[in-house]
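The values are calculated or read from the model by the stated rules, or taken from the named source; none is laboratory data. Worth saying up front: this structure is predicted, and the values here are computed from it rather than measured. Positions of Cβ are backbone-derived with ideal geometry, glycine not excepted, and every protein chain shown enters the neighbour counts.
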Amino acid sequence: MIFSSTVFLFAFLPLVLFFYFLLPWRPAKNGVLLLASFLFYSWGEPVYVLLMVASILANWVFGLLLGEKGRDRRKLLLSIAIVFNCLVIAFFKYEGFLAANINALVGSQLVPDLHLPLPIGISFYTLQAISYVIDVYRCEVEPQRNPFYLGMYIACFPQLIAGPIVRYQTIQDQVVDRKETLDDFASGMRLFVIGLAKKVLLANNAALLATKMLDMGGAQIGAMGAWAGLVAYTFQIFFDFSGYSDMAIGLGRMMGFRYLRNFNYPYISRSITEFWRRWHISLSTFFRDYVYIPLGGSRCSTPRWVLNIAIVWLVTGFWHGAAWNYVGWGVYYGVLLICEKLVWGKALNRAPKLLRHLYTIAIFVFGWSFFWIVDPRQLVEYWKALAGAFGVTGTSTVWELTAWHYWPLFVACIVASTPVIPWMKFRVTAWAEGRDAGSFAQDGLVNARHIGADELCVFEADCCDSGKRAAFLALGVLIDVALVALLLLSCASIVSGSFNPFIYFQF
C-alpha cells in the first residue's frame with residue numbers, strides 16, 4: 001500500500017484516524033498504530049510481516065542487554081546486533097546480486113539464486129533498528145522495555161517504506177508522552193496535501209516523459225530527447241521522494257509526532273557538499289553519525305580521510321540497490337566530494353554564485369543517470385545521446401519526441417524546487433509582526449543546516465495590529481482554499497488511474 005492510492009486515502013487512513021482518536025488512552029493509541037502499521041505493510045507482503053516482527057523482537061532483546069551498563073563485553077554484543085541487522089538486509093536484498101556475480105566470475109552455478117522478493121522498506125526500518133541499538137550502547141537513550149512500543153517505533157506506517165529514517169532519540173519521549181492537538185492535526189494535514197500534490201501532480205507527470213524517453217532509447221531520441229528525459233527524471237525523483245517525506249512528516253504531525261525534515265531545497269545548492277546536506281537528510285546524517293565519524297571522520301590524516309569518504313560512499317551506493325549502477329553512483333559522488341575538498345574547493349568558493357550553482361546542477365543532473373538506468377549498455381547509449389552522438393533528435397522529429405509539450409510542467413517544477421514560496425511566507429510573516437525581515441538565507445527555512453520541520457507545517461504570526469491580523473487571517477484562508485484544490489486535483493488524478501509509479505521498490 002502506498003500513500004498515493006485510493007485504498008490508503010479513502011479507506012485505510014480515515015479508519016486509522018477514527019480509531020486512533022476514538023481511544024483516549026496512550027497505550028491504546030499506540031496499539032492502534034502498531035496494528036495499523038502491520039496491516040499497512042502486510043497489504044502487499046503478508047509473509048514479510050513475520051520478518052519485521054522477528055527484527056523488532058531481536059532488537060528489543062539487544063537493546064535490553066546493551067542497556068545493562070555493567071554487562072561485560074557490551075562492544076561484542078553491539079557487534080552481534082549490527083551484524084544481525086546487516087545480514088538481514090544482505091540476505092534479502094543482495095542474495096540474487098551476489099549469486100549472479102559470483103557465478104559469472106567462476107563460470108558455473110556455484111551459488112543458487114533464490115529469487116527472493118525484496119521486502120519493501122527493509123533498508124529503512126533496519127537502519128532505524130541499527131540506530132536504536134547503537135544509541136542505547138552509547139547511553140544516548142534508555143532501552144525501550146515495552147516490545148510493543150519499540151515495534152510501533154520501527155514499524156510506524158508513516159515512515160515505514162520510504163523514510164524519513166527516524167532516530168529513536170528524536171521521538172523517544174513522544175512514544176509515551178506526546179500530545180495531539182487540533183492545530184497540529186490541521187498543520188500535518190496541510191503538509192500531507194502538499195506532499196501528495198508533489199507526488200501526484202509533479203512527479204508522476206514528469207515520470208511520463210522520463211519513462212517514454214528511456215523506453216525509446218538514445219539512438220531514437222537524440223540529444224534533445226535524452227536531456228529532456230534526464231531533466232524530467234531529475235524532477236521526478238525529487239518530487240516523488242520529497243513529496244513522500246512531506247506526507248510522512250504530515251501524518252506523524254497529525255498523530256502528535258514531530259519528525260525532522262528530510263529535504264531542504266537541494267536543487268538550490270552551490271556545491272556537492274551542500275547538496276548532500278540538503279538531500280535525504282536523514283540518510284546523510286545516519287551515515288555521518290554511524291559510519292563516517294566512527295571511522296575517524298575528518299579528524300585524521302588526508303589519506304585516511306579519503307579512505308573514510310570512499311567507504312561511506314561505497315556503502316551508500318550499495319544501500320540504494322543491488323546493482324552495479326548504484327555502486328557507480330556512489331563512487332561518482334565519493335570522487336567528487338574528495339575533489340571538492342582537495343582539488344577545486346577553494347577555487348569554487350571564490351567563484352560567482354551563479355557559476356557555482358550551474359556547476360552543481362550539471363553534476364547532480366548527470367549523476368541521476370547512474371541512478372536511473374540499471375543496464376550498463378543502455379546507460380552508455382544514453383550518455384552517447386546526451387553528448388550528441390545520435391544528432392539533435394535522433395531518428396525522431398521534434399514533434400514525435402513530444403518533450404516540448406512538457407514545458408509548463410518544467411516551469412512548475414522549477415518554481416516548486418526553489419524556495420519562492422518560503423521566501424514569500426518569510427516576508428509576509430515579518431510584515432505581519434512588524435519587524436525587519438532579516439536575512440532569509442541565514443534565518444529562514446532554507447538554511448542548509450535547518451532540519452526542523454515545524455515551519456513546514458505552520459503559517460502563523462504574532463500580529464499586534466488588528467488590520468494586519470485580519471489580512472494575515474484572510475491570506476491563511478486563501479492558502480487553505482488552494483490546498484483543498486490541490487487535494488481534489490490529486491485525488492481526481494489517482495481515481496482516474498493516471499500513471500502512478502512507485503520508485504522505492506529497490507530500497
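Given G321, G243, which one is under 26 Å from P501 (Cβ atoms), at pLDDT below 90 and out of contact with any strand residue (DSSP E or B) (no Cβ under 6 Å at 6 or more places or on another chain)? After ruling out the rest, the residue left standing is G321. So which helices (runs of 4 or more DSSP H) are wholly in region 1-84 and hold at least 2 residues that are under 22 Å from A129 (Cα atoms), of a type in the set (G, A, S) and modelled with pLDDT under 95? Hits in region 1-84: 26-42, 48-66. Quick check: anything in region 442-465 of a type in the set (F, W, Y), farther than 20 Å from V193 by Cα and either surrounded by 12 or more Cβ atoms within 10 Å (Cβ to Cβ) or not assigned by TED's automatic domain parsing to the domain that holds R270 (or both)? Among the residues of region 442-465, not one is of a type in the set (F, W, Y), farther than 20 Å from V193 by Cα and either surrounded by 12 or more Cβ atoms within 10 Å (Cβ to Cβ) or not assigned by TED's automatic domain parsing to the domain that holds R270 (or both), which makes the answer no. The residues on offer are F318, F241, F287, F263, and the sole one that is in a helix (DSSP H, G or I) and in contact with a Ser or Thr (Cβ under 7 Å, 6 or more places away or on another chain) is F287. Filtered by the rule that a residue be touching a residue at least 40 places away in the same chain (Cβ under 8 Å), surrounded by 16 or more Cβ atoms within 10 Å (Cβ to Cβ) and assigned to a helix (DSSP H, G or I), region 366-382 gives W368, S369, F370, F371, W372, L379, E381, Y382. The listed residues are I130, I134, I154, I120, and the only one of them that is within 26 Å of G321 (Cα to Cα) and in a loop (DSSP other than H, G, I, E, B) turns out to be I120. For region 322-343, indicate whether the set of residues that are in the same structural domain as I373 (by TED's automatic domain parsing), closer than 24 Å to I165 by Cα and not in a helix (DSSP H, G or I) is non-empty. Yes, region 322-343 contains at least one residue that is in the same structural domain as I373 (by TED's automatic domain parsing), closer than 24 Å to I165 by Cα and not in a helix (DSSP H, G or I). Against the numbered list (1) within 30 Å of G217 (Cα to Cα); (2) modelled with pLDDT of 85 or more, A470 comes up short only at (1). Taking residues in region 283-301 that are over 20 Å from S123 (Cβ atoms) and outside the structural domain of F124 (by TED's automatic domain parsing), and partners anywhere that are modelled with pLDDT of 90 or more and polar (S, T, N, Q), the pairs with Cβ atoms closer than 7 Å and at least 6 places apart or on different chains are L295/N308; G296/N308; G297/N308. Of the residues A389, A362, the single one that is part of a helix (DSSP H, G or I) and assigned by TED's automatic domain parsing to the domain that holds A310 is A362. Any chance region 248-260 includes a residue that's closer than 30 Å to T402 by Cα and of a type in the set (K, R)? No, that holds for no residue.
Residue count for region 123-177 under the criterion of being under 30 Å from F238 (Cβ atoms), surrounded by fewer than 18 Cβ atoms within 10 Å (Cβ to Cβ) and without any contact (Cβ under 8 Å) to a residue 60 or more places away in the chain: the result is 1.
Summed over region 104-117, the residues that are assigned to a loop (DSSP other than H, G, I, E, B) and β-branched (V, I, T) give a count of 1. Could you list, in sequence order, all residues of region 75-93 that are more than 25 Å from the chain's Cα centre (by Cα), of a type in the set (A, V, I, L, M) and farther than 18 Å from W60 by Cβ? Scanning region 75-93 gives a single hit, L76.
A single member of L34, L57, L116, L64 is among the hydrophobic types (A, V, I, L, M, F, W, C), more than 30 Å from L202 (Cβ to Cβ), surrounded by 18 or more Cβ atoms within 10 Å (Cβ to Cβ) and in contact (Cβ under 8 Å) with a residue 24 or more places away in the chain, and it is L34.
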